[in-house]
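A.B. asks: Here you go, one structure.
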Amino acid sequence: MRTQRLDTSPAAMAHAAELLRRGELVAFPTETVYGLGGHALDEAAVAAIFAAKGRPASDPLIVHLAATGDLPLVAATIPALAAQLATAFWPGPLTLILPRHPRVPLAVTAGRETVAVRVPAHPVAHALLVAAGVPVAAPSANRFGHTSPTTADHVLADLDGRIAAVIDGGATPIGIESTVLDCTTTPPTLLRPGGISLEALEAVVGPVQVRTRPTDAEQHGLTSPGLLDRHYAPDHELWLFSGPPATALARLRAEAETLLKAGLRVGVLLPAEDLVLLRDLPVETESLGPASDPAAMAHRLYAALRALDARHPDRILARDLDDAGLGRALRDRLRRAAALVVEV
């Protein structure tokens, strides 16, 4: 059975909400990427999310709520720090790690006694959560490990026939996943950079430690999604050149020339200014937008990767980006998407 493509009319939203309450899976837009929603307190629905994505049980899900006031439904306690962050950044692209309420199935949390929670800002996501009236577990609506979806078409390319419906709310505005912050540690720990920058968090709560790789204690269950070394990846191999921008671009160009001489198809993903310097090469290109506009690059990242993938290059080449503000999240996604990082 094909997946239903729904609009955002009141009737369609009511239908989607009823599907969620019945334990069916519905993909929907958030301000970050499209999420694959299932009733977070329904163990069968949670199991269906993992099955549809091909997601390992060790990778936890983020629970989405309609409002901060719903936190007691899924969190055993609400630390003062979490309340402060919720006031500052919710609704919005920030996920908080909190103590798990016993009513949340352990399958949602990869067996851990913490739960990842956020209140999305996208009007369609908010309307759906209000209409459904239940907490909704929603990882990105794509095949596990694949490039995240920022349009309904991306969702259907990966999951058509595997889920009940997708709500087409257009392209997502931010384009990369939420920031994940562990509020059960002192100081709090940034686990995944995303739509809220480290600098913005520290301006509100002071020092934040950073840990973006699993610990030995997480062998059988991760604290947060987005910690795996290989993730967000296109189907075709991506090489990422890391170093001073001019040096990295020169090394990328040399690699492209070598591949072209060998008769291979080359895809290139770069800021707009860099692409101008490669216009004499017969390569497939996708622009991220101006290097001076990290928000524009974040919005374009996954769509550009999917567009290059669709042209079936033998290799995709990209260069690393600045590790500050939203650039930290862009660098994180590119490094996890890369089959090889070439330090220059």
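The values are calculated or read from the model by the stated rules, or taken from the named source; none is laboratory data. The shown structure was predicted, so the numbers you read here are calculated from the model rather than taken from an experiment. With ideal geometry, Cβ positions are generated from the backbone for all residues, glycine too; neighbour counts draw on all protein chains shown. Just so you know, the surface numbers come from the protein's heavy atoms only, side chains and all, with ligands and any DNA or RNA stripped out. Shrake-Rupley method; radii C 1.70, N 1.55, O 1.52, S 1.80 Å.
A.B. asks: Return yes when Arg213 is in a loop (DSSP other than H, G, I, E, B), among the basic types (Lys, Arg) and free of Cβ contacts under 8 Å to residues at least 24 places away in the same chain and no when it is not.
C.D. replies: Values: in a loop (DSSP other than H, G, I, E, B): yes; among the basic types (Lys, Arg): yes; free of Cβ contacts under 8 Å to residues at least 24 places away in the same chain: yes.
The answer is yes for Arg213.
A.B. asks: Hey, another quick one. Has region 246-260 got any residue that is closer than 20 Å to Leu326 by Cβ and open to solvent by less than 10 Å² (accessible area, probe 1.4 Å)? Spell out the reasoning first.
C.D. replies: Filtering region 246-260 down to residues closer than 20 Å to Leu326 by Cβ leaves 248.
Then keep just the ones that are open to solvent by less than 10 Å² (accessible area, probe 1.4 Å); that gives 248.
Taking every residue of region 246-260 in turn, at least one turns out to be closer than 20 Å to Leu326 by Cβ and open to solvent by less than 10 Å² (accessible area, probe 1.4 Å).
A.B. asks: Hey, can you tell me all the residues within region 43-81 that are under 13 Å from Val117 (Cα atoms), assigned to a helix (DSSP H, G or I), open to solvent by 10 Å² or more (accessible area, probe 1.4 Å) and in contact (Cβ under 8 Å) with a residue 40 or more places away in the chain?
C.D. replies: Within region 43-81, Thr68, Asp70, Leu73 qualify.
A.B. asks: Please find, among Gly289, Gly327, the residue that is of a type outside the set (Ser, Thr, Tyr), assigned to a loop (DSSP other than H, G, I, E, B) and either touching a helix residue (DSSP H, G or I) at 6+ places or on another chain (Cβ under 6 Å) or open to solvent by 60 Å² or more (accessible area, probe 1.4 Å) (or both). Break it down into steps so the answer makes sense when it comes.
C.D. replies: Working: Gly327 fails: assigned to a loop (DSSP other than H, G, I, E, B).
On inspection, the qualifying residue turns out to be Gly289.
A.B. asks: Please specify each residue of region 294-324 satisfying the condition of being at pLDDT 95 or above, part of a loop (DSSP other than H, G, I, E, B) and open to solvent by 60 Å² or more (accessible area, probe 1.4 Å).
C.D. replies: Matches in region 294-324: Ala310, Arg311, His312, Asp314.
A.B. asks: Mind telling me which of the residues Val208, Val268 ends up being within 30 Å of Gly54 (Cα to Cα), of a type in the set (A, V, I, L, M), touching a residue at least 12 places away in the same chain (Cβ under 8 Å) and open to solvent by less than 60 Å² (accessible area, probe 1.4 Å)? Let's see the steps before the verdict.
C.D. replies: Working: Val208 fails: within 30 Å of Gly54 (Cα to Cα).
Being within 30 Å of Gly54 (Cα to Cα), of a type in the set (A, V, I, L, M), touching a residue at least 12 places away in the same chain (Cβ under 8 Å) and open to solvent by less than 60 Å² (accessible area, probe 1.4 Å) holds for just one of Val208, Val268, which is Val268.
A.B. asks: Separate question: Does His146 count as open to solvent by 20 Å² or more (accessible area, probe 1.4 Å) and touching a helix residue (DSSP H, G or I) at 6+ places or on another chain (Cβ under 7 Å)?
C.D. replies: Values: open to solvent by 20 Å² or more (accessible area, probe 1.4 Å): no; touching a helix residue (DSSP H, G or I) at 6+ places or on another chain (Cβ under 7 Å): yes.
Here the answer is no, as His146 does not meet what is asked.
A.B. asks: Could you list, in sequence order, all residues of region 106-137 that are open to solvent by 10 Å² or more (accessible area, probe 1.4 Å) and farther than 21 Å from Pro10 by Cα?
C.D. replies: Leu106, Ala107, Ala110, Gly111, Arg112, Glu113, Thr114, listed by residue number.
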